[in-house]
Amino acid sequence: MSDVQHLFRVDGKVALVTGGTSGIGRMIATALLQGGAKVYVASRKAAACEATSAELSQFGPCVPLPADISSMDEVRRVADHLSGSEKALDILVNNAGTTWGAPVDSFPEAGWDKVMDLNLKSAFFLTQAMLPLLKSRANAVSPSSVVNIGSIDGLRVSPVFDAISYAVAKSGLHQMTRVLASRLVKDNITVNAIAPGAFTSKMLAPMLDRMEEEILATIPMRRVGGQDDIGGAALFLCSRAGAYVTGIVLPVDGGVTGCS
């Protein structure tokens, strides 16, 4: 019989969280550290990586790993760095992302390519580059975990935001999650996605400042998500509690997709 107190622990695991210095990425990194993992936080800005790692080290070993993973050279460098530093990678959280808003008739190619490259392409190729480390000590009882951070905007058309490439990229990320799950299950690697709704993040903050009432009106629970909401979902998918779960897209959205 399992010890329920340890079901959601990730003691001894090594994790990489991209976009881990702010918003949802930082929340997940914090939860993994509090759950017992060693966490590498990756972000474009070296200063942000250093500062975040220093702040989060109060919860456990947190290592800065500055990288712009929209670049394939940087993806390979991150993989090489971790291969030289760790014997295994137990958890990969593909969270780094960006957005671009513009109407259909004036949406620019640059806005399309920037979002697709970071939100979708880099998640695939970083996962690919990490496969040797992810396979290293994975087993049926304690599989390695890939968690892709999608969005409810990849599950339905947003009534508020006009971010076309973002929605398409997140929808693609959800389907990529299912495909990778089916291919990697034989290697004892689970691949799941979390589709967050509105959270207190750097990306959403300016919109909340301008139109908080309109946004809250679209959420059945009438609040935005916080640390425990996303942290709990991530710990479930990365711990023994979620070891028998793969290929799902889990909405964490205050009821937006489930109650509509």
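Residues of the stretch 177-212 that are in contact with a strand residue (DSSP E or B) (Cβ under 7 Å, 6 or more places away or on another chain), of a type in the set (A, V, I, L, M, F, W, C) and part of a helix (DSSP H, G or I): 180, 181, 184. Checking each residue in the stretch 123-150 for being buried (at least 24 other Cβ atoms within 10 Å of the Cβ) and under 15 Å from residue 74 (Cβ atoms) picks out 123, 126. The residue list 162, 153 contains one member that is closer than 27 Å to residue 101 by Cα, touching a helix residue (DSSP H, G or I) at 6+ places or on another chain (Cβ under 6 Å) and acidic (Asp, Glu), which is 153. Among the helices (runs of 4 or more DSSP H) confined to the stretch 66-166, the ones with at least 1 residues that are closer than 30 Å to residue 11 by Cα, of a type in the set (Lys, Arg) and in contact with a strand residue (DSSP E or B) (Cβ under 9 Å, 6 or more places away or on another chain) are located at 122-135.
Considering 215, 219, 230, the condition of being in a helix (DSSP H, G or I), under 14 Å from residue 152 (Cα atoms) and at pLDDT 90 or above is satisfied by 230 alone. Scanning the stretch 163-172 turns up one or more residues that are of a type outside the set (S, T, N, Q) and surrounded by fewer than 18 Cβ atoms within 10 Å (Cβ to Cβ). Residues of the stretch 225-260 that are buried (at least 17 other Cβ atoms within 10 Å of the Cβ), in contact with a strand residue (DSSP E or B) (Cβ under 8 Å, 6 or more places away or on another chain) and more than 15 Å from residue 195 (Cβ to Cβ): 238, 242, 243, 246. The combined condition, being in contact with a Ser or Thr (Cβ under 7 Å, 6 or more places away or on another chain), crowded, with 18+ Cβ neighbours inside 10 Å, touching a residue at least 60 places away in the same chain (Cβ under 8 Å) and aliphatic (A, V, I, L, M), is not fulfilled by residue 193.
Scanning the stretch 9-50 for residues that are among the small types (Gly, Ala, Ser), surrounded by fewer than 22 Cβ atoms within 10 Å (Cβ to Cβ) and out of contact with any Leu (no Cβ under 9 Å at 6 or more places or on another chain) turns up 12, 22, 36, 46, 47, 48.
Quick check on my filter: what residues within the stretch 138-167 are aliphatic (A, V, I, L, M) and touching a residue at least 40 places away in the same chain (Cβ under 8 Å)? Correct list: 138, 140, 141, 146, 147, 149, 152, 155, 160, 163, 164. Scanning the stretch 51-63 for residues that are surrounded by fewer than 22 Cβ atoms within 10 Å (Cβ to Cβ) and not in a helix (DSSP H, G or I) yields 57, 58, 59, 60, 61, 63. A count restricted to the stretch 180-232 and to residues that are closer than 30 Å to residue 139 by Cα and hydrophobic (A, V, I, L, M, F, W, C) stands at 10.
Inspection of the stretch 9-27 identifies at least one residue that is under 20 Å from residue 201 (Cβ atoms) and of a type in the set (D, E, K, R).
Residues in the stretch 162-196 that are closer than 14 Å to residue 95 by Cα and of a type in the set (Ser, Thr, Tyr): 2 in all. Among the conditions (1) among the aliphatic types (A, V, I, L, M); (2) assigned to a loop (DSSP other than H, G, I, E, B); (3) closer than 28 Å to residue 138 by Cβ, residue 42 misses just one, which is (2).
The values are calculated or read from the model by the stated rules, or taken from the named source; none is laboratory data. Owing to the predicted nature of the structure, the values given are computational and were not obtained by experimental measurement. Counting neighbours? That spans all protein chains shown, and the Cβs are built from the backbone with ideal geometry, glycine included.
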